[in-house]
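Structure first, then comments.
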Amino acid sequence: MELQGLLNLQLMMFILMGTGFFLRKREIITKAGKQVLTDLIIDVILPCNIITAFSIPMSREILMSGMQVLVISLVLQLFCTMISGTCYNRLPKAKRMILQYGTVCSNAGFLGNPVAEGLYGSLGLLYASIYLIPQRIVMWSAGVSYFTESPDRKTVIKKVVTHPCIVAVAIGIVLMLTQFQLPVFLSKSISSLGGCTTAITMVFIGAVLAEAGFKDMISKTTAVFAFIRLIAIPLAVMLGCMLFHVESTAAGLSVVLAAMPAGSTTAILASKYHGDEAFATQCVVLTTVLSMALLPVWCLVLNIVFP
């Protein structure tokens with residue numbers, strides 16, 4: 001397993017966050033500019049990234065080989081949704097909705113594909129693309145609903161269904177199932193905009209961190225969340241794969257992707273919907289820092305359990 005590539009990805013994330021931190025401290029990114037970044041990411045860049053992510057080849061062989069991964073991912077999303085609905089009920093709403101979203105949405109969308117390719121080659125990249133389909137649907141449907149406040153259920157549903165990222169998921173699924181090829185100029189435009197996701201998102205998180213500071217990053221609440229996100233969830237996936245004798249590559253990949261830190265979109269949505277963006281950023285940064293140590297450990301464990 002290529003752990004050097006994993007370390008490089010994690011270090012790149014911190015350099016990008018450090019850039020955002022510096023730019024905010026120097027007032028190059030102003031408070032108003034930070035809000036513009038939020039809208040740009042949510043309304044343009046992320047939808048383009050989602051559409052591009054669904055551009056995977058489909059065939060009978062691919063569907064059959066990826067079925068185990070898809071089932072694991074579906075069960076995991078149900079499991080994470082159940083955890084998010086029961087573990088944080090005693091916390092204030094501002095923190096609860098962030099922990100709920102961070103539980104159902106990991107950073108597998110960013111780290112997942114390159115890590116999967118580095119660890120398992122082209123087959124891992126294919127499995128990762130299939131694995132991420134349920135998460136992308138859940139994170140922009142049930143996930144967004146955690147942040148959405150409306151007077152009635154009908155209004156909530158309307159807000160979620162018309163969300164730019166949900167629209168992008170629908171477009172992506174249609175393109176994937178029909179294998180319809182967009183015109184080259186349009187496809188490259190969407191891909192170019194989506195390719196900005198990592199850099200701009202991590203710069204934004206660094207800017208928020210400059211305002212939030214490091215003082216309260218490690219607390220009982222964030223420590224419990226980090227344990228759930230980085231240890232409990234992947235452990236449950238590994239035990240389930242062992243119980244049902246899942247094929248080793250599919251099992252190992254599923255565990256690695258389940259062990260990813262909280263999704264960077266947690267802080268983006270907290271800012272967009274006037275949540276506790278400082279707390280959200282602290283959760284993202286803390287789990288990302290801890291994942292630098294824990295992901296290699298998980299990889300070593302998987303070499304023993306699924307040789």
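Things to note:
- When region 223-295 is reduced to its Cα atoms, the Kirkwood hydrodynamic radius in Å: 13.1 Å
- Accessible surface of the chain, 1.4 Å probe: 69 percent of it comes from carbon and sulfur atoms.
- The largest-to-smallest principal axis extents of the Cα set in region 170-244 are 51, 46, 16 Å.
- Per-selection Rg to Rh, region 176-220 - Cα, Kirkwood hydrodynamic radius: 1.33
- Accessible surface, the chain, averaged per residue in Å² (probe 1.4 Å): 46 Å²
- Both radii come from the Cα set of the chain: Rg as radius of gyration, Rh as Kirkwood radius; their ratio Rg/Rh reads 0.94.
- Long pairs among LYS31/LYS272; LYS34/LYS272; LYS93/LYS220; LYS31/LYS188; LYS215/LYS272; LYS158/LYS188, criterion Cα-Cα beyond 21 Å: LYS31/LYS188; LYS215/LYS272; LYS158/LYS188
- Straightening the chain between THR148 and LYS215 buys 21.3 nm, computed as 0.36 nm per residue apart minus the Cα-Cα spacing.
- Stretch gain in nm, segment ALA232-VAL161, where the contour uses 0.36 nm per residue and the Cα spacing is subtracted: 22.4 nm
- Each of the peptides 246-257, 74-85 was scored by the mean count of other Cβ atoms within 10 Å over its residues; in descending order, highest first, they stand as 246-257, 74-85.
- Taking label positions 7 Å along the Cα-Cβ direction at both THR30 and MET82, the computed distance is 5.0 nm, reported to one decimal.
- Computed [θ] at 222 nm, helices only, for the chain once each DSSP H run of length n ≥ 4 contributes -39500 (n - 2.57): -24000 deg cm²/dmol
- Extension gain (nm, one decimal) between LYS188 and ILE15, 0.36 nm per residue minus Cα-Cα: 59.6 nm
The values are calculated or read from the model by the stated rules, or taken from the named source; none is laboratory data. Quick caveat: nothing in here was measured; it's all calculated off a predicted structure. We place every Cβ from the backbone using ideal geometry, glycine too, and count neighbours over all the protein chains shown. Surface accessibility is based on the protein's heavy atoms, side chains included, excluding ligands, DNA and RNA. Shrake-Rupley method; radii C 1.70, N 1.55, O 1.52, S 1.80 Å.
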